[in-house]
């Protein structure tokens, strides 16, 4: 066996923690230059390769939890630690990841802010799981031939071109187990890349009408030329969990195929589970992705557009194109002139209630993540898609230094909740500093975040001088502002192996 970063690399993980480093290696030609919209991504070749990653993190947080995209590493007020060993194997016919972990800590009681409906599951809710747990953070087994196959995946996923958020899937929550069919990497035919994946999961243990299902279909085409252009989509359904007024009994087989039904409700009026207008009680989300990669400039521009409902006809789409529309736009640039180790980027997510939905008599209910029957699109208490949630916007700006052995990236995040639904809206401002240093292939990291929040709990009134006279969040419904400091120390090491080359 011999170590080799390029040949021994098995996959790109879903965690955005590594995305900047991965994309820079792709621009430098150290990793295959392919789309990172749907992760994890495997490098399936004629070689059998494996890797081992050791990871340890220590946390300190002096107030309510409010971290995003932290999967099982989410922690509450107090201090804690996380340890994991990730084993991965990649071959022409089989891919595998197993990452058992141990998490422990000493967490203190905090007071949650009371909010209505879909705003009740924002990320600052105190943890309800045991303080110490041991299970798998990632577990994937996939059998394939020439990159196409099937398998099981209980682990992190990320669907979307963004670094900070996504409308459909992030690693913001504990991973749920799913069955998958399709590709784990992009298939290349000349200068065209093709990707497709079908995902199915049951979100609870019921075996009757109460069972809730998650079904998803993803696809993407990429053209590789002087620029790299990717167009993709994801259609996801949450279904089941209640009796239908028509008397039809919704079953697993229905949930498995619902993602292939017609896009317009006019095509669904004759279905047994729809009403007279073709509607159903399920929660559908549809997102389209566009990314433009400029290899010569080491830059990437991207956009994500999403809808949360079916349209009656194509004319409905043309006449009111903004109905339940949500968007994410941004860019990442790896280099400023001759300063090739500088990196900067911007991202803006807009899930505000649109003009159309505000004037259709929806009673101000946010269109995205609004179904209480599905716990507002959450699993284990946290939302698996955009962490800012319903009727929100989220601005993220970063700029810093990124080299082979050193990373120093400050960032600022401005996030609002209930922007249209309430006055005043909640406001969250985060100042971040992410530092990492590599010594003898061991990465040492330090992360600091200072978070300021105002108008918590959507107070019915406020005064101009309120920001200068904050009220502690422990005052319950009178809560106004909150200040939180978070500090994380980490250490990790990854060893890649190319065990056997089948072409020799």
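Tabulated data for the structure shown
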| item | result |
| --- | --- |
| Of all residues making up region 377-418, the number that are part of a loop (DSSP other than H, G, I, E, B) and surrounded by 21 or more Cβ atoms within 10 Å (Cβ to Cβ) | 10 |
| Residues being surrounded by 15 or more Cβ atoms within 10 Å (Cβ to Cβ) and modelled with pLDDT of 85 or more - total across region 253-281 | 6 |
| Long-range neighbours under 9 Å by Cβ, at least six apart or interchain, first residue without any contact (Cβ under 8 Å) to a residue 40 or more places away in the chain and on the phi < 0 side of the Ramachandran plot within region 344-358, second crowded, with 21+ Cβ neighbours inside 10 Å and assigned to a strand (DSSP E or B) | 354/326 |
| Every residue from region 80-135 that is part of a loop (DSSP other than H, G, I, E, B), under 21 Å from the mean Cα position of the chain (by Cα) and modelled with pLDDT of 85 or more | 122, 123, 124 |
| Residue within region 282-295 that is surrounded by 18 or more Cβ atoms within 10 Å (Cβ to Cβ), within 30 Å of the chain's Cα centre (by Cα), assigned to a loop (DSSP other than H, G, I, E, B) and at pLDDT below 95 present | yes |
| Filtered residues of region 419-452 (kept if touching a strand residue (DSSP E or B) at 6+ places or on another chain (Cβ under 7 Å) and surrounded by fewer than 17 Cβ atoms within 10 Å (Cβ to Cβ)) | 429, 431, 433, 435, 437, 441, 442, 444, 446, 448, 450, 452 |
| The one condition in (1) at pLDDT below 95; (2) within 30 Å of residue 155 (Cβ to Cβ); (3) in a strand (DSSP E or B) that residue 449 fails to fulfil | (1) |
| Residue, surrounded by the fewest Cβ atoms within 10 Å (Cβ to Cβ), within region 349-370, restricted to residues that are modelled with pLDDT of 90 or more and part of a loop (DSSP other than H, G, I, E, B) | 352 |
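The values are calculated or read from the model by the stated rules, or taken from the named source; none is laboratory data. All values reported here derive from a predicted model rather than from experimental measurement. Glycine also receives a Cβ, built like all others from the backbone with ideal geometry; neighbour counts cover every protein chain displayed.
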